[in-house]
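Report on one structure; see the data block that follows.
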Amino acid sequence: MSAPREAEERKSLGVEVDYVLETLVKNSALTEAGSAKLVMAGFVAGYCARRGQAETWELLEASDVSMRILDFFPQREQTPEIATPFLEARDLLWLMERYSATELKGEMDVMVAKITNSLKEAAPETEEPMLPEDVARIHQGMTAYADHVIHIEGPASTAPSLLGACRVLGKMQTDSDLDANDLLGLALEIGKHNLAVIEALDRVHVETFGQPTLTPVPCRPRPGKCILITGHDLKDMQSLLEITDSLDISVYTHGEMIPGHAYPKLHEHKSLYGNFGTAWQNQRKEFPTFPGPMLFTTNCIQMPRPSYVERVFTTGRVAFPDCQHLEYGKWQPLIDAALAAPGFTEEECMTYKDENLLVGAHHATVLSLAGTILDLVGKGAIKHFWFIGGCDGAKPGRNYFSKLAMNIPDDHVILTGACGRFRINRLKDYGDIEGIPRLLDVGQCNDVYSAIRIAMGLAEALKCDINDLPLSLVVSWYEQKAVVQLLTLLHLGLKNIKLGPSLPKALSPEVIGVLVDKFGISLTDPSKVQSDIAEVTDK
């Protein structure tokens, strides 16, 4: 973009920010406490928009580390409630940057109303009635997936879904006559819009990086200099690999980047070697031992320990205090840090278990084996399918997923995906059933789309309803992206999902009650693993 055009767009954006702030300030319901929070949010938003401070602008847009914004204000520990209007202001800015004021005329008013309502809720002295539980956090999960699509091909394919979800949120925020069934129906509309977004992401990943294939990923490192890449952004990985191929540096995946090994146009890079570590919540235990720098491409970042914070680099929508932020493709500081670090020695490599993790169970790959799978189902060699995965965390009760995987009979096949895979993928050698691996990793959290397509494909082949399949869904969740995926599953009519370790707080108790009654959602319970398996095997 030319400098004059960029300046003009920034000027236009500043006018829109003025409109937003003016509308909020004129809202007579704002209390003194709410107004104070608004002034701080407005200062950051207006300053970034007018000055075009790229680094700060990116900071405002970061998907799941938005508390970083509070580092602008020394009293942040005493006023954590100001995070809510900040998060919502960031969502509005995100839309304003990408779409014109004409396209956003109705949506801007909706988002302004939402921010206003959150400010009223944050002020303890207000006597305004509380709104229905805010589902906007779920929308943030969808926008995180959309951002990956936009990074690769621009906004055209996801704009209708993003704006459609904004309209749904507007109705949820402004219609006071909605009951629990109404709210559930609107929430499922967000699930419908999310389905379109993850379908677009699946498409652009395959078009850009090739059709995934079943691929073993080594867990034992090889000697030499190294970089660890984590997050979700495969385009960032590809850009880095194009540089490291000509250097003596190995790139290891972490967490949700491990599915990248299955894409041919990523796997062909000789510098991409193996996987290091497990899920995001274990970073502070695992990262101190990695002998090189680490690149965070998206969310799922924990506060780095002092022992390795200087080796942490961020890019894209994620930023963190004391970590160097790099623009896309400008990886030289990261490369320099890798060359300066010790890397893996021969002796260190031998301390790691010599094992592989299988990835690449994309829906097209699995359904290409449908004939064999159906034959095995028909003769009773495969009796049941499970999906065990989702967003992992450290909350007690998540041992349910590992206990379940350990005790599932050998004639059952397990689909897994997202960072929840690390609860089960190293427990044991699951083996295979006449050549079909018993543990199939469908990919990142957005690749629940693959699990959906696999289930739909099997239901079509077996000529049955998707809920009549020999399939059990056991989903772990932690944050917005996992919850919006749940809404997508419910939008498709899937029932009897086990969810854990607790129910989403983003949904009101009334909506949860309807989910239980209408969809048969139940909580996981580590003490009921055997009875949950028996419920399936005794049918």
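Report yes if some residue within segment 266-274 is at pLDDT below 95 and either buried (at least 22 other Cβ atoms within 10 Å of the Cβ) or of a type in the set (Ser, Thr, Tyr) (or both); otherwise report no. Steps first, please.
Here is the first cut: in segment 266-274, the ones at pLDDT below 95 are none.
Checking segment 266-274: not a single residue is at pLDDT below 95 and either buried (at least 22 other Cβ atoms within 10 Å of the Cβ) or of a type in the set (Ser, Thr, Tyr) (or both).
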### Query
Where residues in segment 400-450 are free of Cβ contacts under 8 Å to residues at least 40 places away in the same chain and of a type in the set (Asp, Glu), which of them is surrounded by the most Cβ atoms within 10 Å (Cβ to Cβ)?
Asp411
### Query
When you go through (1) open to solvent by 20 Å² or more (accessible area, probe 1.4 Å); (2) modelled with pLDDT of 95 or more one by one for Leu376, which number turns out not to apply?
(1)
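With the requirement that a residue be open to solvent by less than 10 Å² (accessible area, probe 1.4 Å) and touching a Ser or Thr at 6+ places or on another chain (Cβ under 9 Å), what does segment 278-291 give you? Before you say what the answer is, go through the steps one by one.
So in segment 278-291, the residues open to solvent by less than 10 Å² (accessible area, probe 1.4 Å) come out as 279, 283, 287, 290.
Matches in segment 278-291: Gln283, Phe287.
Take the residues in segment 473-492 that are under 26 Å from Ser531 (Cβ atoms) and open to solvent by 20 Å² or more (accessible area, probe 1.4 Å); name whichever of them is modelled with the highest pLDDT. Explain how you work it out, then say what you get.
Residues of segment 473-492 that are under 26 Å from Ser531 (Cβ atoms), as a first pass: 473-478, 482, 486, 489-490.
So of that shortlist, the ones also open to solvent by 20 Å² or more (accessible area, probe 1.4 Å) come out as 473, 477-478.
On the way: Leu473: 96, Trp477: 77, Tyr478: 65.
Step by step, filter segment 473-492, then rank; the result is Leu473.
Rundown of residues vs (1) of a type in the set (Phe, Trp, Tyr); (2) in contact with a Ser or Thr (Cβ under 8 Å, 6 or more places away or on another chain); (3) under 20 Å from Thr158 (Cβ atoms), yes/no style:
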position	(1), (2), (3)
Glu189	no, no, yes
Lys192	no, yes, yes
Phe209	yes, no, yes
Thr215	no, no, no
Pro218	no, no, no
Leu240	no, no, no
Asp245	no, yes, no
Tyr263	yes, no, no
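Does Gly397 count as modelled with pLDDT under 95 and either assigned to a helix (DSSP H, G or I) or touching a Cys at 6+ places or on another chain (Cβ under 8 Å) (or both)?
Details: modelled with pLDDT under 95: yes; either assigned to a helix (DSSP H, G or I) or touching a Cys at 6+ places or on another chain (Cβ under 8 Å) (or both): no.
No; evaluated as a whole, the condition is false for this residue.
Can you spot a residue in segment 343-352 that is in contact with a strand residue (DSSP E or B) (Cβ under 7 Å, 6 or more places away or on another chain), in a loop (DSSP other than H, G, I, E, B) and of a type in the set (A, V, I, L, M, F, W, C)? Lay out the reasoning, then the answer.
Of the residues in segment 343-352, the ones in contact with a strand residue (DSSP E or B) (Cβ under 7 Å, 6 or more places away or on another chain) are 343-344.
If we keep only those that are in a loop (DSSP other than H, G, I, E, B) as well, we get 343.
Applying the additional criterion that residues be of a type in the set (A, V, I, L, M, F, W, C) yields none.
There is no residue in segment 343-352 that is in contact with a strand residue (DSSP E or B) (Cβ under 7 Å, 6 or more places away or on another chain), in a loop (DSSP other than H, G, I, E, B) and of a type in the set (A, V, I, L, M, F, W, C).
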### Query
Is it true that Gly397 is in contact with a helix residue (DSSP H, G or I) (Cβ under 7 Å, 6 or more places away or on another chain), over 26 Å from Ile433 (Cα atoms) and surrounded by 13 or more Cβ atoms within 10 Å (Cβ to Cβ)?
yes
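May I ask you to say which residue of Val197, Val206, Val168 is under 17 Å from His267 (Cα atoms) and among the aliphatic types (A, V, I, L, M)? Break it down stepwise before answering.
Details: Val197 fails: under 17 Å from His267 (Cα atoms); Val168 fails: under 17 Å from His267 (Cα atoms).
Step by step, each of Val197, Val206, Val168 is checked, and only Val206 is under 17 Å from His267 (Cα atoms) and among the aliphatic types (A, V, I, L, M).
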#### Entry: Checking Glu510 against (1) touching a helix residue (DSSP H, G or I) at 6+ places or on another chain (Cβ under 8 Å); (2) over 16 Å from Ser476 (Cα atoms); (3) open to solvent by 30 Å² or more (accessible area, probe 1.4 Å); (4) at pLDDT 90 or above, the condition it does not meet
(4)
### Query
How many of the residues in segment 202-232 are closer than 18 Å to Thr365 by Cβ and open to solvent by 60 Å² or more (accessible area, probe 1.4 Å)?
6
### Task
Sort out which residues of segment 451-466 are open to solvent by 30 Å² or more (accessible area, probe 1.4 Å) and touching a residue at least 60 places away in the same chain (Cβ under 8 Å), and write them in order of number.
Arg453, Ala461, Leu462
### Message
Please go through segment 405-456 and give me each residue that is among the hydroxyl-bearing types (Ser, Thr, Tyr) and over 22 Å from Glu199 (Cβ atoms), ordered by number.
### Response
Tyr430
### Test: Lys225 is modelled with pLDDT of 95 or more, closer than 26 Å to Ala159 by Cα and among the charged types (D, E, K, R)
no
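The values are calculated or read from the model by the stated rules, or taken from the named source; none is laboratory data. Quick caveat, the model's predicted, so the values are computed rather than measured. No Cβ is skipped: glycine too gets one built from the backbone with ideal geometry, and neighbour counts run over all protein chains shown. When the accessible area is computed, the model is the full protein with side chains, heavy atoms only, and any ligands, DNA or RNA have been set aside. Shrake-Rupley method; radii C 1.70, N 1.55, O 1.52, S 1.80 Å.
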